[in-house]
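These notes are about the structure you will find just below.
Please treat every number below as a calculation from the coordinates, not as lab data. As the structure is a computational prediction, the values presented were derived from the model and not from experiment. Note that we place each Cβ from the backbone using ideal geometry, even for glycine, and neighbour counts take in every protein chain shown.
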Amino acid sequence: MNHHYLRKFLYMLVSLAGMLILSACSSAVPSQPKDLCAIFTENSDWYDDAREIYSKRKVPINIVMAFIYHESGYRHDARPPMRWFLFIPYGRGSSAYGYPQAQDEVWDDYTESDGGFWSSRSDFKDSLDFVSWYILKTRDKNGIPVSDVYNQYLNYHEGWQGYKKGSWKKNSSLKKLAGNVSRTANNYGNQLRNCDI
């Protein structure tokens, strides 16, 4: 009888270890982050998630993936660096976290209006949904077409009010970054059309 329970317990331990390993693999940073086909080949679950969120929101996959790439480098636990005074840490520059680098306030808006209580910024599918939601809100609030990746990204980075105030106009590094995001989205789009997934 004791052997039976011991075997069951060991089976449960092995199953749990397997699930933890799989979950660690699914959050691994892609080895070729500039190649969307390689990303989806390496992470087939991500491709399934991306297709599902595209069916739900109709925001092109290549645009959403470009945002996530430039925001977090596909790191599930990305966050701004710790700030230091001499040898004393005094917090991070913002509450941005996870794949989408969403800050607490806007993430809370998303979960309350659309995402749901269990949504997580370190979950890839939830992050795809958040970025798509934000892009659609930008279209509705500031009249920026979904296809205008440059201005969509400026909204994403500065917030809707910040974009309206034009806080980005004198920020050459941010404008350069928005151009890079736009080029990545374009490259990803070209790659996605030819992916053999």
- Projected onto the charge dipole of the range 31-193 (unit charges on the beta-carbon of Lys, Arg, Asp and Glu, signs +1, +1, -1, -1), the Cα from Trp46, Ile61, Ser122 with the largest positive-side position is that of Ile61
- Compute the signed sum of charges (Lys and Arg +1, Asp and Glu -1) over the other residues within less than 15 Å, Cβ to Cβ, of Ser167. +4
- Task: Mind sorting Glu52, Glu112 by how few other Cβ atoms lie within 10 Å of their own Cβ, fewest first?
- Result: Glu112, Glu52
- Query: Which pairs, out of Lys56/Lys175; Lys56/Lys141; Lys58/Lys141, put more than 25 Å between their alpha-carbon atoms?
  - Reply: Lys56/Lys175
- Query: Once both labels are modelled 7 Å past Cα along the beta-carbon direction, what's the Lys56-Ser113 spacing in nm?
  - Reply: 1.6
- Applying the gyration tensor rule to the Cα atoms of the range 31-193 (axes a ≥ b ≥ c; rounded if a/c under 1.5, else prolate if a/b exceeds b/c, else oblate), the class is rounded
- About its Cα centre, the range 31-193 carries a charge dipole, from +1 on Lys and Arg Cβ atoms and -1 on Asp and Glu Cβ atoms, whose size in debye to the nearest 20 is 920
